Amino acid sequence: MTPPPARPEVARRLRVAVYDPFTPGLGGLYRYVQGVLDGLTPDRFDVTLFCHPNRPFRLHPGVIVVPVHPYSGVPAGAAGAAGPPGASPPPVAGRGARFPRRLVPGSALRVAGFVRSAWSVARLFRGRGFDVVHTYETDADPAVLAARFAGVPRVVYTFQVDSTYLPPEVRDNPGRRLTEMATDRCLSLGIAASEATRRDRLRRTHVGPARLVAIPNGIDSDVYVRTLSHAAARAATGLPDDGRLLLGTVGRLHEHKGQEYLLRAVALLPAGLPPHVAVIVGSGELDAALKALAAALGVADRVVFLGQRSDILPLLQSFDLFALPSVCEALPYALLEAMSVGLPCVATAVGGVSELIEDGRTGSVVPPRNPPALATAMAGLLRSAELRATTGAAARDRVVAHFHEPALIARTVAALTAGL
């Protein structure tokens with residue numbers, strides 16, 4: 001008797017855990033995680049998202065969402081959440097007696113807290129049959145060890161920041177260095193947002209270079225494209241259309257973003273430039289201090305603070321040039337957006353910024369914390385409409401050719417599932 005024809009083999013959908021309990025709102029990390037979630041399509045993947053209770057993500061149908069407390073593996077609403085990875089564990093006990101915690105070295109307490117957090121997170125991963133766990137950000141380090149505790153075959157970590165974000169006393173803490181080295185040795189693969197971030201991590205943890213790859217952040221250049229004239233964009237955003245050039249920046253008002261140095265640079269701009277105004281978009285803890293600094297520098301009449309805005313694309317189309325005065329970055333989305341819209345940009349040489357901007361062709365790169373250099377570069381662009389036009393066009397061409405987000409997300413998804 002002729003045997004029945006064999007059924008075609010159907011590829012099994014891979015089970016992916018995305019662990020990000022630290023993103024309650026919009027920002028660079030949100031942008032990256034959302035892109036990965038978009039790339040994990042339901043025809044190929046079963047996705048479980050472990051996330052902050054106030055998650056902002058748009059999700060494919062069928063994604064399982066597990067809200068969790070930041071810094072722990074305890075589901076939101078449950079008792080017993082662990083503290084941050086660096087937090088001290090309960091007092092060490094022995095033979096029924098409490099051991100004075102003050103006698104335990106701080107680095108040992110950090111390592112103990114790290115292991116405790118990892119054990120807590122591992123409870124989320126056990127028994128779910130995950131093929132891969134993908135996690136992000138420095139405070140999620142315990143999730144890497146947790147995935148190994150739970151027997152997950154592949155563990156991938158994306159580094160969206162580097163050590164320059166941390167104050168020296170944290171960055172150089174022996175316990176932190178030890179947990180970073182342990183984390184990287186548990187990884188199947190680390191993905192860095194820039195080559196500079198990759199080099200920083202290799203220097204800190206001394207793992208084999210093949211274990212860390214650089215896949216840059218990207219932007220959808222089909223979305224971030226100029227569709228409005230300056231006049232139409234300014235009418236849509238409420239910005240002045242009175243002939244003044246707009247020098248814009250977008251970012252959280254935080255010392256990392258360096259708006260202080262932008263204000264000081266505006267105060268140093270030479271006389272004789274075309275009329276101009278600096279537009280600062282964003283909110284944060286430095287709002288009052290920056291406004292006071294603008295008044296003290298005598299530039300309050302040349303600076304507009306817009307606060308937090310959601311209409312970033314038309315705002316960018318309102319600007320004539322873009323400044324990024326940050327003191328630390330990995331590969332900033334704000335700069336990608338501005339370049340994709342065709343804005344000439346002046347940015348500081350931090351993180352992967354020099355991987356984005358080819359100095360003198362697609363923008364200008366200046367040292368961080370250097371208002372005179374920032375002022376000189378901005379003045380050159382303010383003087384010349386032709387230079388602004390050619391630099392902005394070259395900036396967009398570079399983003400389209402090398403930083404188009406759909407292609408980079410496809411590379412990321414392929415890296416997540418390599419060998420599975």
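The values are calculated or read from the model by the stated rules, or taken from the named source; none is laboratory data. Note that the coordinates shown come from a computational prediction; the quantities given were computed from them, not determined experimentally. All Cβ positions, glycine included, derive from the backbone under ideal geometry; neighbour counts span all protein chains shown.
Some observations on this one:
- When restricted to residues that are under 27 Å from PRO167 (Cα atoms), out of contact with any strand residue (DSSP E or B) (no Cβ under 9 Å at 6 or more places or on another chain) and of a type in the set (D, E, K, R), region 108-138 contains 2.
Okay, residues lined up against (1) assigned by TED's automatic domain parsing to the domain that holds HIS254; (2) of a type in the set (A, V, I, L, M); (3) not in a loop (DSSP other than H, G, I, E, B):
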residue: VAL121; (1), (2), (3): no, yes, yes
residue: ARG128; (1), (2), (3): no, no, no
residue: PRO142; (1), (2), (3): no, no, yes
residue: VAL152; (1), (2), (3): no, yes, no
residue: THR164; (1), (2), (3): no, no, yes
residue: ARG177; (1), (2), (3): no, no, yes
residue: GLU180; (1), (2), (3): no, no, yes
residue: GLY190; (1), (2), (3): no, no, yes
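- Filtered residues of region 166-212 (kept if among the aliphatic types (A, V, I, L, M), surrounded by fewer than 16 Cβ atoms within 10 Å (Cβ to Cβ) and over 29 Å from ALA112 (Cβ atoms)): ALA210
- Residue that is farthest from ALA267 (Cα to Cα) [pool: residues in region 223-257 that are within 19 Å of the chain's Cα centre (by Cα) and among the hydroxyl-bearing types (Ser, Thr, Tyr)]: TYR224
- Residues located in region 145-158, provided they are touching a residue at least 40 places away in the same chain (Cβ under 8 Å), touching an Asp or Glu at 6+ places or on another chain (Cβ under 9 Å) and buried (at least 22 other Cβ atoms within 10 Å of the Cβ): VAL152, THR158
- Scan of region 15-35 for residues that are closer than 17 Å to PRO61 by Cβ and either surrounded by fewer than 19 Cβ atoms within 10 Å (Cβ to Cβ) or within 19 Å of the chain's Cα centre (by Cα) (or both), ordered by number: ARG15, VAL18, GLN34
- Of all residues in region 169-188, those that are closer than 14 Å to VAL111 by Cβ have Cβ atoms under 7 Å from Cβ atoms of residues that are among the hydroxyl-bearing types (Ser, Thr, Tyr) and part of a helix (DSSP H, G or I), 6 or more apart or on another chain, in ASN173/SER107; PRO174/SER107; GLY175/SER107; LEU178/SER107; GLU180/THR205; MET181/THR205.
- Scanning region 196-215 for residues that are outside any helix (DSSP H, G or I) and either polar (S, T, N, Q) or touching an Asp or Glu at 6+ places or on another chain (Cβ under 6 Å) (or both) yields a count of 2.
- Screening LEU335 against (1) without any contact (Cβ under 8 Å) to a residue 24 or more places away in the chain; (2) surrounded by fewer than 24 Cβ atoms within 10 Å (Cβ to Cβ); (3) in contact with a strand residue (DSSP E or B) (Cβ under 6 Å, 6 or more places away or on another chain) leaves a single unmet condition, (2).
- Helices (runs of 4 or more DSSP H) (entirely within region 258-360) containing at least 2 residues that are under 14 Å from THR376 (Cα atoms) and at pLDDT 95 or above: 259-268
- Condition check for THR135: assigned to a strand (DSSP E or B), under 18 Å from the mean Cα position of the chain (by Cα) and within 26 Å of VAL327 (Cα to Cα): yes
- Restricting attention to region 358-380, the residues being in contact (Cβ under 8 Å) with a residue 40 or more places away in the chain and more than 15 Å from LEU268 (Cβ to Cβ) number 2.
- Verdict on SER310 being over 23 Å from ALA395 (Cβ atoms) and among the hydroxyl-bearing types (Ser, Thr, Tyr): yes
- The lone exception for LEU228 - which of (1) part of a helix (DSSP H, G or I); (2) touching a Pro at 6+ places or on another chain (Cβ under 8 Å) it fails: (1)
- Residue count for region 204-236, restricted to those that are of a type in the set (Gly, Ala, Ser) and under 20 Å from PHE403 (Cα atoms): 3
- Of PRO105, PRO84, PRO100, PRO70, all but one fail to be at pLDDT 60 or above and either within 28 Å of the chain's Cα centre (by Cα) or farther than 23 Å from ILE191 by Cβ (or both); the exception is PRO70.
- Residues (among the small types (Gly, Ala, Ser) and assigned to a strand (DSSP E or B)) located in region 243-257: GLY248
- Filter result for PRO325 (closer than 16 Å to VAL281 by Cβ and either out of contact with any Lys or Arg (no Cβ under 6 Å at 6 or more places or on another chain) or touching a residue at least 40 places away in the same chain (Cβ under 8 Å) (or both)): yes
- Among the residues of region 343-374, the ones that are small (Gly, Ala, Ser) and buried (at least 22 other Cβ atoms within 10 Å of the Cβ) come to 5 in all.
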